[in-house]
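**Q** Please find one structure pasted underneath; my questions will follow.
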Amino acid sequence: MKNILEVQLERQMEQVFKRPESLKRVHFRYCPGCGHSIIHRMIAECIDELGIRERVIGIAPVGCAVYAYDYFNFDMIECAHGRPPAVATAIKRVNPDNIVFSYQGDGDLAAIGMGEIVHAAARGEKLSVFFINNATYGMTGGQMAPTTLLKQHTTTTTRGRMANTDGYPLRIAELLATLEGVSFAARTALNDIKNVIKTKQLVRKVFEKQINGEGFSFLEILSPCPTDWHLSPVDSLKWIETEMMKVYEARIFKDTQQKDG
């Protein structure tokens, strides 16, 4: 039998920390230490706080992001690799009152989907885009992605990525910030509590931009992939800070108001 104190404590915990309505009551299948689960919760919490769950439509492509439709408790659409911006554009134009977002990995958005994201941004489509950068192709075995760091070892760069043969990492947030159709472009990270809190604030801002009828909004999130990095979850967070954030600066690159006319 639980005593009164234990019962009160459980009730207090339920009030402080509970599953968002925008998340289904299922267990995540992501690897231990993966950043996707944290980001999913942030997105779900922001949607609940903004009271937009019945209006939201999410788009997820091939890759680890594809599991999103199993976890989010609102309408989700799975589409072909790299094509979320095109599908999101169609949905938003047909249903302008809906809040439409895409949830994409670096192998998806920055490789096969680069043309899609650039042109959606250039058109100023009123979309919210969450770009999960873990510097690798996570689902298919850890191959080099457009965001893989120089000297980083992957299954296709076994001696480390080299600029003369593999090119340089792409800084997507900076690239998109140069386009006139973009109203917001930023990068954040999940390496510590301070940045986790900051990331949620930016997730909310990206949704608010769309709610306010502004242009294309984009948030890049540096996220751990312990499995393909061959690091522990704790060391993966350290690697984001000591390696990734040297190449990918975490800050707001553009924040303007862009509406029709």
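All of the numbers you see were taken from the coordinates with simple rules; none came from a lab. The model shown is predicted, which means the values in this text are computed figures rather than measured ones. Quick reminder, even Gly has a Cβ in these numbers, built from the backbone with ideal geometry, and neighbours come from all protein chains shown.
**Q** Would you calculate a helix-derived [θ] at 222 nm for the chain, using -39,500 (n - 2.57) for each DSSP H run of n ≥ 4 and dividing by the full residue count, to the nearest 500? Show your work: numbers first, answer last.
**A** Details: 10 runs with 92 residues, N = 261.
Computed ellipticity for the chain at 222 nm equals -10000 deg cm²/dmol.
**Q** OK, next. Count neighbours as other Cβ atoms within 10 Å of each site's Cβ, and list the trypsin sites (Lys or Arg not before Pro) in segment 137-200 that are DSSP loop with at most 15 such neighbours. Could you put the intermediate results ahead of the total?
**A** Working: sites: Lys151, Arg159, Arg161, Arg171, Arg187, Lys194, Lys198, Lys200; in loops: Lys151, Arg159, Arg171.
Listed in order of number, the matching sites are Lys151, Arg159.
**Q** Considering lysine pairs in segment 30-255 that are 8 or more places apart or on different chains, how many have Cα atoms under 24 Å apart?
**A** Qualifying lysine pairs in segment 30-255: 29.
**Q** State whether the chain is rounded, prolate or oblate according to the following rule on the C-alpha gyration tensor (a ≥ b ≥ c being the square roots of its eigenvalues): a/c under 1.5 gives rounded; otherwise a/b larger than b/c gives prolate, and the remaining case gives oblate. Present the calculation step by step, with values, prior to reporting the outcome.
**A** Numbers: a/c = 1.74, a/b = 1.12, b/c = 1.56.
Note, shape of the chain comes out oblate.
**Q** Let me ask something else about it. Test of understanding: ordering Ser128, Ser236 by Cβ neighbours within 10 Å, fewest first, what list do you get?
**A** Numbers: Ser128 27, Ser236 23.
Ascending number of Cβ neighbours within 10 Å: Ser236, Ser128.
**Q** Order of Val94, Val206 from fewest to most other C-beta atoms within 10 Å?
**A** Val94, Val206
**Q** A follow-up question, please. If the viscosity is 1.306 mPa s and the temperature 10 °C, what translational diffusion coefficient in µm²/s does Stokes-Einstein give for segment 136-176 when Rh comes from Kirkwood over Cα pairs? Walk me through the numbers before you get to the answer.
**A** Working: Rh = 10.4 Å.
Calculated translational D: 153 µm²/s.
**Q** Then there's this: In which sequence would Ile211, Ile132 go, from the one with the fewest C-beta neighbours within 10 Å to the one with the most? It would help to have the intermediate numbers written out before the result.
**A** Working: Ile211 13, Ile132 26.
Fewest to most other Cβ atoms nearby, the residues stand as Ile211, Ile132.
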